[in-house]
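What follows is a short report on a single structure.
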Amino acid sequence: MEYEWVIYEKEDGIAVLTLNRQDRLNSWIPPMRVEARKCIEDAGADSAVRVLIVTGAGRGFCAGADVGTVVAGTEEADDEPPRQRLMLPVSTVRLMDALHSLNKPTIAAINGITAGSGIGFALACDVIIASEQARFRIAFTRIGVVPGDGITWLMTRAIGTHRALELAYTNDIIDAKEMERVGLANRVV
């Protein structure tokens with residue numbers, strides 16, 4: 001199947017899902033979330049697939065939601081009433097749930113900028129491998145909203161409540177070495 005916003009490849013038991021909106025650092029729009037979820041579901045249903053790797057094209061893993069489309073009111077959603085779009089989009093819940101509950105190992109290959117719900121997407125994986133160019137930023141507090149998209153639940157389990165809250169409150173940018181040191185990445189390569 002052809003996709004507009006993601007690249008999905010399978011070879012030798014390995015499925016690779018690449019987010020592909022390079023011009024926007026792979027920030028989410030609803031059709032992209034739907035495509036990514038369909039790929040995750042395909043990997044789960046395909047008995048030949050033994051592992052799913054998720055990554056981003058270009059210099060970013062995922063910069064979170066495309067805030068410009070949300071603020072402008074141009075973000076079209078799949079089966080979401082307009083008021084729901086201002087909260088946690090149904091498509092985001094479905095995407096994170098599909099990845100977190102996949103019945104096969106999942107690996108996030110973080111190649112660059114990762115912010116907002118992109119962090120939640122990475123944390124929903126079983127293993128996180130970061131390149132030396134990887135950077136994490138919670139970003140929600142920078143625009144005056146409470147961190148969502150499963151980040152607070154996933155991050156507190158990964159690194160503990162106090163450290164997770166510090167990152168959420170300060171909105172600090174965390175480089176790859178610090179990600180590994182605090183437990184947000186298994187390894188830096």
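Just so you know, all these numbers are worked out from the coordinates, no wet-lab data involved. All values reported here derive from a predicted model rather than from experimental measurement. Note: ideal-geometry Cβ built from the backbone for every residue, glycine included; neighbour counts use all protein chains shown.
Report which label in (i) 9, 32, 34, 21, 5, 0; (ii) 10, 40, 38, 12, 1; (iii) 8, 15, 15, 14, 10, 8, 7, 7, 7, 5, 2, 1, 0, 0 holds the value of P(r) over Cα pairs in 10 Å bins from 0, in percent derived from the coordinates of this structure. Here the calculated entry is (ii). Site pair LYS104 and GLN133 shows an inter-label distance of 2.7 nm when each label is modelled 7 Å from Cα along Cα→Cβ. Residues GLU178, GLU11, GLU2, ranked from the fewest to the most other C-beta atoms within 10 Å, line up as GLU2, GLU11, GLU178.
Basic side chains Lys and Arg get +1 at the Cβ, acidic Asp and Glu get -1 at the Cβ, and with that the dipole of the chain about its Cα centre reaches some 580 debye. Exposed loop sites were defined as trypsin sites (Lys or Arg not before Pro) in DSSP loop states (anything but H, G, I, E or B) carrying at most 15 other C-beta atoms within 10 Å; in the chain the longest segment without such a site runs 60-189. Per-residue extension of 0.36 nm, minus the Cα-Cα distance of ASP12 and VAL189, leaves a gain of 61.4 nm for this segment. Each of GLU166 and ARG24 was given a label point 7 Å from its Cα along the Cα-to-Cβ line. The distance between the two points is 3.4 nm. The H on the amide N of ILE110, modeled in the peptide plane, is under 5 Å from the matching H of ILE129, ALA130, SER131, each at least 5 residues off or on a different chain. Counting only lysines at least 8 places from LYS10 when in the same chain, those with an alpha carbon closer than 25 Å to its own are LYS38, LYS104. In order along the range 92-109, phi translates into HN-Hα couplings of 5, 4, 5, 5, 4, 5, 4, 6, 5, 9, 4, 7, 9, x, 10, 10, 8, 9 Hz, rounded to whole numbers, per the Karplus curve 6.51 cos²θ - 1.76 cosθ + 1.60 with θ = phi - 60° and x for Gly and Pro.
Averaging the Cα positions of each part gives two centres, and for the range 49-65 and the range 131-189 these lie 17 Å apart.
A crude spin-label estimate for the pair ARG157 and VAL51, with each label 7 Å from Cα along the Cβ direction, gives 2.1 nm.
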